[in-house]
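Peer 1: Attaching a single structure in structure tokens format; questions to follow.
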Amino acid sequence: AVQGVGEGGSGNGFYIDFIGDFGENMANAASFTMGDIHVDENHINTTLSAFSNGIYAEYSDFGENLSNSAVVHMGDVTFNSNVVRTNDTNGYGIYLYDFDWFGYDMYNNSIFTMGNLQINNNTINSFDKGIQLGMWGEGGGWLGWFGVYMSGHAQATIGNIEANDNNINSINNDGIYEDYAYFGSYLENSAKFTMGDISFNRNTVKCSNG
């Protein structure tokens, strides 16, 4: 269990400031393989903090600037089966502020593969949005820019984006908010982008804002 109490009465349950710059600037048949990134099965309570989010995360720049048969493989990124409670005056449940630039600037037979992004089976009681995916419209980052600026037979493959089977109670905002864009954009010279499903299924949401 995580009880969030930070300096000055401000504390997030998990504050993942930045994870990124993995598998970048690679050429000449270089390869990089990594497993999954999991933030799962945590019990987070930030009710004692004056300003708090349950889980805050920024992930960016995976498989960047690949050329000449370089290969990057990564597994799933998951935020599953967490129990989150924020205080009654502010705080997001699960807040992916920035999740972008996966498999971009790829050339000359380079390959990038990624598993699924999952935000499933969470129980969230929050003041602000229960689940926030990207925040471009509010001055933050995207959920997106996957498989962009590719040419010369480069290939990028992304799995599913899932926000399923969540139980959300948001006191003062949206249950689930998404801001995603640019998937398989700016491709030329036989580049190929393949992506799985985007799903928001079987969620139970109680909120003040839709």
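Peer 1: For the range 59-79, enumerate the residues that are under 15 Å from the mean Cα position of the chain (by Cα), assigned to a loop (DSSP other than H, G, I, E, B) and surrounded by 19 or more Cβ atoms within 10 Å (Cβ to Cβ).
Peer 2: Across the range 59-79, the qualifying residues are M74, F79.
Peer 1: I'm checking my understanding of the structure. Among residues of the range 95-136 that are hydroxyl-bearing (S, T, Y) and in contact with a Gly (Cβ under 6 Å, 6 or more places away or on another chain), which one is surrounded by the most Cβ atoms within 10 Å (Cβ to Cβ)?
Peer 2: We begin by selecting, within the range 95-136, every residue hydroxyl-bearing (S, T, Y); these are 95, 97, 104, 107, 110, 113, 123, 126.
Subsequent filtering for residues that are in contact with a Gly (Cβ under 6 Å, 6 or more places away or on another chain) retains 97, 107, 126.
Working: Y97: 23, Y107: 19, S126: 31.
Result: S126.
Peer 1: The conditions are (1) of a type in the set (A, V, I, L, M); (2) more than 21 Å from Y177 (Cβ to Cβ); (3) out of contact with any Leu (no Cβ under 9 Å at 6 or more places or on another chain), and V83 fails exactly one of them. Which is it?
Peer 2: Condition not satisfied by V83: (2).
One line per residue, one yes/no per condition, for (1) under 21 Å from I131 (Cβ atoms); (2) aliphatic (A, V, I, L, M):
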| site | (1), (2) |
| --- | --- |
| N25 | no, no |
| F32 | no, no |
| V39 | yes, yes |
| S49 | yes, no |
| N65 | no, no |
| D76 | yes, no |
| S81 | yes, no |
| N87 | yes, no |
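Peer 1: Being closer than 14 Å to M114 by Cα, open to solvent by 20 Å² or more (accessible area, probe 1.4 Å) and part of a loop (DSSP other than H, G, I, E, B) is the filter here; which residues of the range 143-183 pass it?
Peer 2: N160
Peer 1: Another one. Conditions first: (1) of a type in the set (D, E); (2) outside any loop (DSSP other than H, G, I, E, B); (3) more than 12 Å from the chain's Cα centre (by Cα). D100 passes all but one, so which condition is the exception?
Peer 2: Against the list (1) of a type in the set (D, E); (2) outside any loop (DSSP other than H, G, I, E, B); (3) more than 12 Å from the chain's Cα centre (by Cα), D100 comes up short only on (3).
Peer 1: Could you check how many residues of the range 16-33 are modelled with pLDDT of 90 or more and either within 17 Å of the chain's Cα centre (by Cα) or of a type in the set (S, T, Y) (or both)? Spell out the reasoning first.
Peer 2: Within the range 16-33, the first condition is being modelled with pLDDT of 90 or more, and the residues that meet it are 16, 19-33.
Next, only the ones that are either within 17 Å of the chain's Cα centre (by Cα) or of a type in the set (S, T, Y) (or both) stay: 16, 19-22, 31, 33.
Residues that pass the stated criteria total 7.
The values are calculated or read from the model by the stated rules, or taken from the named source; none is laboratory data. Nothing here was measured: the structure is a model prediction, and the numbers come from that model. Quick reminder, even Gly has a Cβ in these numbers, built from the backbone with ideal geometry, and neighbours come from all protein chains shown. SASA here: full protein model, heavy atoms, side chains in, ligands and nucleic acids out. Shrake-Rupley method; radii C 1.70, N 1.55, O 1.52, S 1.80 Å.
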